[in-house]
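What follows is a single structure, written as structure tokens, with notes after it.
Just so it is clear, none of the values below were taken in a lab; they were calculated from the coordinates. For clarity, every value in this text was computed on a predicted model and none was experimentally measured. Cβ: placed from backbone, ideal geometry, glycine included. Neighbour counts: every protein chain shown.
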Amino acid sequence: MLIELPRHTEIFGSVKIHELQRVLKLDSGGFENPRACDIAFESIKKVLKRLAIVVPIKDENIHLLEGVLRAIPFDCSVIVVSNSAREPQDIYKMERDVITNVHNLTQQEMLIVHQKDPELGFAFYDLGYDHLLDSDRLVRDGKAEGMIVGMLLAKALGKDFIGFADADNYIPGSVREYVMDYAAGFCMSESPYSMVRLHWRYKPKVVEDRLYFKKWGRVSETTNKYLNLLLSTSTGFETRVVITGNAGEHALTMKLADIMSYSTGYSIEPFHFVYLFDEFGLKAEKIVYSDVVSAGIEVFQIETLNPHIHEEKGEEHIKNMLLGSLSTIYNSKLCNDYVRQKVLEELVDILERWEKPPEMFIMPPIGDIDAIKFAKLLNAHSDTFLWLKQGIFEEKVDEEAYLRSFKTGTFE
Ligand code: GDD
């Protein structure tokens, strides 16, 4: 792959944020190029083998899920965490059937679990991590909550990298590119604590019967503006380096995933930046992870070659996402009175009413959870957890017998 080198890197305490890097070509010729980084396919493939892709899903079109599953490169493991309806129609069952079918045809390693499975809640409770549980000890609704489940399963599989892909993508080829872009980012990284965030080249919309190749969405434009304002007011130097504040498509090294805190629902992505600024930025109050500080944290922002076409979820959904994003910024330790006032004014514009941003649920790092035990608990007790291993053909003649034999297997 041929990727532009970043023109500039903003250094904020231990956090290095690289400016946008465009994907110039999905493959490359291996030539020296002073303006671009040429990453050999073999290097990308090595990373793919150590990468799990987590697909959070809630009631999406099943055809879109199938396209996404078939697009994720074979060398990665796929972990689907579903919060889809079980009734009146069992959408989760349909998803499980699609996954089993794709696995049987491709032999790729695939896992699925339902977010509301009581055994999943119990596994978290048993392991002493109840920060994402509700009063019935079930995992709460929310994309972030599903992502945490996926990250733990990736850790149990021994993966070094975790990436995310939304299930509602209309273009399977773009999903494939996203995963390759993650791998390319990790090939460029010099720190074991790094994150790759994608910026879509275009997000096309239908305007008066024609496709209009829009560059920016309202949510990302607003989130980026205020994340940059946090940085600018802290350093005294204006910056526009952050362009991926809401990047749903992103990937982390497991080492970084282990030490991050996570905000709930859709605010998880902007909170990545807020957390890194607060804990590892210029004004960090105490150093908890000294090895991270000495290695530094790298954030890559890569512009994809493919456009992004996905399901549109409506105006109310956009407003909720904006409220989540702006709340994380408002509650940042770096947020001064000036930024707070600006955020409040922005919220009045968006919501058409005055609303003080709520405090977000913050889920502490998952690094101390015993991920193997977590997976073993699911393997032994959960009815919704299905783990289809690479290269093992599962003929689903008798599903019950199949599940029984699966459950008695050891998790290694
Ligand atoms: N497991 C799980 N649990 N998945 C969920 C949940 C949940 O409670 N809620 C939503 N999802 C899944 C959706 O089915 C989809 O696959 C993915 O999470 C993203 O949700 P969407 O509702 O499609 O979000 P969006 O397209 O408006 O926004 C996406 O892009 C933004 C900009 O990059 C999300 O990824 C945002 O987080 C992101 O900021």
Checklist entry - What are the aspartates and glutamates whose alpha-carbon lies under 16 Å from the alpha-carbon of Lys283, with same-chain residues fewer than 8 places away excluded? => result Glu10
Checklist entry - Exposure proxy check: Phe237, Phe186, Phe74, Phe374 ranked by fewest other beta carbons within 10 Å? => result Phe237, Phe74, Phe374, Phe186
Checklist entry - Hey, what does the equivalent ellipsoid look like for the chain, semi-axes from the Cα gyration tensor as sqrt of 5 times each eigenvalue, largest first, whole Å? => result 33, 25, 22
Checklist outcome for this item: Under the helix-only model (-39500 (n - 2.57) for each DSSP H run of 4 or more, divided by the residues of the chain), the mean residue ellipticity at 222 nm, to 500 deg cm²/dmol, is -13000 deg cm²/dmol
Checklist outcome for this item: Under the Karplus relation with 6.51, -1.76 and 1.60 and θ = phi - 60°, whole-Hz ³J(HN,Hα) for segment 310-324, x at Gly and Pro, equal 9, 5, 8, 9, x, 5, 4, 4, 4, 4, 5, 5, 5, 4, x
Checklist entry - Between Ser135 and Leu20, what is the label-to-label distance in nm when each label sits 7 Å out along the Cα-to-Cβ direction? => result 4.7
Next on the checklist: Between segment 44-119 and segment 149-175, how far is it from one alpha carbon centroid to the other, in angstrom?
Outcome noted: 9
Checklist outcome for this item: For 333-341, 208-216, 192-200, ranked highest to lowest by mean beta-carbon neighbours within 10 Å, the order is 192-200, 333-341, 208-216
Checklist entry - Rounded if a/c is under 1.5, else prolate if a/b beats b/c, else oblate: with a ≥ b ≥ c from the C-alpha gyration tensor eigenvalues square-rooted, which is segment 143-294? => result oblate
Checklist entry - Charges only on Cβ, +1 for Lys and Arg, -1 for Asp and Glu: so what's the dipole of the chain about the Cα centre, in debye to the nearest 20? => result 820
Checklist entry - Suppose R0 equals 60 Å; then what is the FRET efficiency for Asn61 and Tyr338 from their Cβ-Cβ distance, rounded to the nearest 0.05? => result 0.85
Checklist entry - Sorted by packing (mean other beta-carbon atoms within 10 Å per residue), highest first, where do 222-228, 50-56, 19-25 land? => result 50-56, 222-228, 19-25
Next on the checklist: Counting only pairs 8 or more residues apart or on different chains, how many lysine pairs in segment 86-223 have their Cα atoms under 17 Å apart?
Outcome noted: 6
Checklist outcome for this item: Spelling it out for His199: with amide H atoms placed in the peptide plane at 1.01 Å from N, the residues 5 or more places away or on another chain with amide H under 5 Å from its amide H are Ile302, Glu303, Thr304
Checklist outcome for this item: Mean Cβ-within-10 Å packing, highest first, puts peptides 253-261, 270-278 in the order 270-278, 253-261
Item to check | Proximal aspartates and glutamates to Lys286, defined as alpha-carbon separation beneath 19 angstrom and excluding residues fewer than eight positions away on the same chain | outcome: Asp258, Asp278
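By counting other Cβ atoms within 10 Å of each Cβ, how are Thr235, Thr328, Thr384 ranked from fewest to most?
Thr235, Thr384, Thr328
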Item to check | segment 243-287-segment 321-380 distance, computed between alpha-carbon centres (Å) | outcome: 10
